[in-house]
1. Quick check on A:Ser58: is it open to solvent by 40 Å² or more (accessible area, probe 1.4 Å), within 13 Å of another protein chain (Cβ to nearest Cβ) and of a type in the set (Ser, Thr, Tyr)?
2. Using beta carbons and a limit of 6 Å, which pairs, at least six apart or on different chains, have the first residue in the range A:31-46 and in contact (Cβ under 8 Å) with a residue 60 or more places away in the chain and more than 7 Å from chain B (Cβ to nearest Cβ) and the second one part of a loop (DSSP other than H, G, I, E, B) and open to solvent by 20 Å² or more (accessible area, probe 1.4 Å)?
3. Looking only at the range B:42-85, which residues are of a type in the set (Ser, Thr, Tyr), more than 13 Å from the chain's Cα centre (by Cα) and under 16 Å from B:Leu104 (Cβ atoms)?
4. Taking into account only those residues within the range B:53-79 that are open to solvent by 50 Å² or more (accessible area, probe 1.4 Å) and hydroxyl-bearing (Ser, Thr, Tyr), which is farthest from B:Leu112 (Cα to Cα)?
5. When residues of the range B:32-44 are filtered for being open to solvent by less than 10 Å² (accessible area, probe 1.4 Å) and not aliphatic (A, V, I, L, M), how many remain?
6. Inside the range B:1-40, can you point out the residues that are outside any strand (DSSP E or B), in contact with a strand residue (DSSP E or B) (Cβ under 7 Å, 6 or more places away or on another chain) and closer than 19 Å to B:Ser82 by Cβ?
7. For the range B:62-116, name all the residues that are within 11 Å of chain A (Cβ to nearest Cβ) and assigned to a strand (DSSP E or B).
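The values are calculated or read from the model by the stated rules, or taken from the named source; none is laboratory data. Because the structure is predicted, anything quoted here is derived from the model rather than measured. For neighbour counting, all protein chains shown are included, and Cβ atoms are generated from backbone atoms with ideal geometry for every residue, glycine included. Please note that ligands, DNA and RNA were not included when accessible areas were found on the heavy atoms of the full protein model with its side chains. Shrake-Rupley method; radii C 1.70, N 1.55, O 1.52, S 1.80 Å.
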Amino acid sequence: NAGVMQNPRHLVRRRGQEARLRCSPMKGHSHVYWYRQLPEEGLKFMVYLQKENIIDESGMPKERFSAEFPKEGPSILRIQQVVRGDSAAYFCASSPEFGGLMNTEAFFGQGTRLTVV
Amino acid sequence: AQKITQTQPGMFVQEKEAVTLDCTYDTSDPSYGLFWYKQPSSGEMIFLIYQGSYDQQNATEGRYSLNFQKARKSANLVISASQLGDSAMYFCAMRVRGGSNYKLTFGKGTLLTVNP
């Protein structure tokens, strides 16, 4: 759904550099979810954030990865010292409230394709 | 833990014919939702259709319908009158009510190719 905006669409980084991926949720949404899609795989949950709070980061690698959703501005997924295995598509979704089963739709942004060379 | 299985890595269909993409799921939670997404070569994830575990009728959205068989834990996607633009990866996903009910669990996908 075009309402969730991610940028950049494509990002190339050399090994050891930092990658910053941005996600602007749909208007009025205060909850953001990040997913990663490795080649030939489905999406896997990484982290769930509300404004200024990390609710669940159980899917995040323990090192080098961090996420934030400040009071103002987009949510940022940050990958420090990237390695080739970080090459993947990173997707963001948003919701207006806690995404229970009553949320029958789940829209994603267009994704950021990270390539580490 | 929840699991989604899509056993067809690739499927072929002739234009204008119907095709069924298989999805089986596993959960002990009686309350859950099932989703199908389309991912064309351009990469975005397009939401297609949703089925709730307590819904009495199978979901339909235009040419898409979901063949929901609860006892068999299957939620197959049926695309009628296939079009060339339907060629894409298709992912089945699930969300359950208990625990972390904001998480979607995805299958590995099926690559559909529509032949002219």
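1. So A:Ser58 fits the description; yes.
2. Short answer, once both residue conditions are applied: A:Val32/A:Pro25.
3. B:Ser53
4. Selected residue: B:Tyr54.
5. Number satisfying all stated conditions: 5.
6. Correct list: B:Gln6, B:Gln8, B:Pro9, B:Glu15, B:Ala18, B:Asp22, B:Cys23, B:Pro40.
7. Those that are within 11 Å of chain A (Cβ to nearest Cβ) and assigned to a strand (DSSP E or B): B:Met89, B:Tyr90, B:Phe91, B:Cys92, B:Ala93, B:Met94, B:Arg95, B:Val96, B:Thr105, B:Phe106, B:Thr110, B:Leu111.
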